[in-house]
Amino acid sequence: MMNPELAVLNTRPVITKAFSQERLVGWQSPANIALIKYWGKHGMQLPRNPSLSFSFKYSNTDLTVAYKLMGKTDSPKVDFLFDGKPSLKFKIRIEDYLNRISDWMPFVKQLHFRIESSNTFPHSTGIASSASSMSALALALCSIENDHFQTLENPKDFYRKASWLARLASGSAARSVYGGFSLWGKLSFLVDSTDEYAIPLKKEINTQFNDLRDAVLVVNSKPKAVSSSFGHALMDKHPYARQRYEVASNHLAGLYQALRTGDVENFIRITELEAMHLHALMMTSEPSFMLFHPSSLAIIQKIKLFRQQKGKMLCYTVDAGPNIHLLYPVEIQNDVEDFIKNDLIQHCENQKWIRDEIGTGPIRTK
Ligand code: PMV
């Protein structure tokens, strides 16, 4: 049965009033980093366990969609430019995606889309662009729907539908339609939570975490050796899958509590455990794969030592790759930047690291 919260999915709008001019919609949407990791899925991109992330301030996708009416056609048509250059790979991927969602948004089959996208952050550096780009596209589609049909006037409906649509493109994109912390997946103690779309956690979060900083230490910027869809699929036969999903939910409950109460010690404990769980799952799947580099481990050891010796509240997380996210509160920014320059930068590829922080979420640009 369809979740009653998702009544807005059932509007299934079709354009009946012709328009001749090309129209324009634009969104800037952030990438996010998961603290509780989504790893393992089923059905239509439904998660095996709930996940929690925060969205970045500076790492964004800027996306514009110019669209015009085509009359009656069987499938949506897309021209796609990435960084100003046509990309056949993305064109095909987006046409396929629009076809998949066309039961819920039949108007996409009536339109010819010219999509231009670019990222404010470099490729393969520990910040995934699928979440920012797919959330930007989902937000743009919801804006087109609302501009023509006024079906998503209520902001809660708008963002939930955008998150739902983003999820169908890339699971982690569901969380990028919000700023701050967001949560995707059903939790018994949170009535609004659901596997269908993410929800924002703004009200619940202790002010301790308002100014969280993230220094992304780029150990290696080669594209991922293993795609996340391949990794998710390996969880279907993973010997530790059942335990993992149980532990992930417990971690989420613990982290949620820590975020609410300002419990920095538990925030650090659970965040680091989660990074290790993700990579342990990869190393113990069949085939097994290892995304850490020796430098990733060297950085992790140094972060732990720095915390022990200096008593500074900083910690790490890692996405599906070798690059390390160093998380810390704004108050210790100078100490952390000295630490990076003196001890960590030597492990980074071309001494590269990216400064980012928790952001306030997507904005409509056109
Ligand atoms: O959204 P996907 O299918 O690329 O999966 C993302 C998985 C992780 O980045 C490893 C974790 C997460 O929750 O973002």
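The values are calculated or read from the model by the stated rules, or taken from the named source; none is laboratory data. Only a predicted model underlies this, so the values are computations on that prediction, with no experimental measurement involved. Quick reminder, even Gly has a Cβ in these numbers, built from the backbone with ideal geometry, and neighbours come from all protein chains shown. Ligands, DNA and RNA are stripped out before the accessible areas are found, and what is left, the full protein with its side chains, is counted by its heavy atoms. Shrake-Rupley method; radii C 1.70, N 1.55, O 1.52, S 1.80 Å.
Using 7 Å Cα-to-Cβ label points, what is the LYS304/SER188 separation (nm, one decimal)?
3.3
Please work out the Kirkwood hydrodynamic radius for region 45-200, using every pair of different C-alpha atoms, and report it in angstroms with one decimal place.
Numbers: mean 1/r = 0.0624 Å⁻¹.
Hydrodynamic radius (Kirkwood, Cα pairs) of region 45-200 is 16.0 Å.
How far apart, in nanometres, would the label points at MET44 and ILE332 be if each is projected 7 angstrom from Cα along the Cα-to-Cβ direction?
If labels sit at MET44 and ILE332, their model points lie 4.5 nm apart.
Could you calculate the FRET efficiency of ASN210 with PHE149 from 1/(1 + (r/R0)^6), where r is the beta carbon distance between them and R0 is 41 Å, rounded to 0.05? Don't skip to the answer; put the middle values down first.
Values: r = 37 Å, r/R0 = 0.89.
Efficiency at R0 = 41 Å is approximately 0.65.
About the Cα centre of the chain, how large is the charge dipole given +1 on each Lys and Arg Cβ and -1 on each Asp and Glu Cβ? Please answer in debye to the nearest 20. Let's see the in-between values first.
Values: 43 positive and 36 negative charges, 120 e Å.
In total the dipole reaches around 580 debye.
Toward the positive end of the charge dipole of the chain, about the Cα centre and with charges on Cβ (Lys, Arg +1; Asp, Glu -1), which of TYR316, PHE230, ALA174 goes farthest?
Result: PHE230.
Counting every Cα pair in the chain, what percent are over 26 Å apart? Provide the component values of the computation, followed by the final result.
Details: 33521 of 66795 pairs.
Tail fraction, whole percent: 50.
Quick check on the chain: helices-only [θ] at 222 nm, where DSSP H runs of length 4 and up contribute -39,500 (n - 2.57) each and the sum goes over total residues. Nearest 500, please.
Values: 8 runs with 122 residues, N = 366.
That comes out to -11000 deg cm²/dmol.
Quote the FRET efficiency, to the nearest 0.05, computed for PHE230 versus GLN21 with a Förster distance R0 of 45 Å and r equal to the Cβ-Cβ distance.
Values: r = 43 Å, r/R0 = 0.96.
E(calc), rounded to 0.05, equals 0.55.
Give the longest segment of the chain that steers clear of chymotrypsin sites (Phe, Trp or Tyr not before Pro) in DSSP loops with at most 12 neighbouring Cβ atoms within 10 Å, not counting the sites themselves.
Numbers: sites that count: PHE19, PHE189.
Longest gap between qualifying sites, sites excluded: 190-366.
Nothing charged except the Cβ atoms of Lys and Arg (+1) and of Asp and Glu (-1): what's the magnitude of the dipole of region 89-213 about its Cα centre? Round to the nearest 20 debye. Write out the running numbers ahead of the final one.
On the way: 15 positive and 13 negative charges, 60 e Å.
For this selection, approximately 300 debye.
For region 11-120, what is the accessible area per residue in Å² when the probe is 1.4 Å? Kindly include the intermediate steps, with their values, before the conclusion.
Values: 5040 Å² over 110 residues.
Value for region 11-120: 46 Å² per residue.
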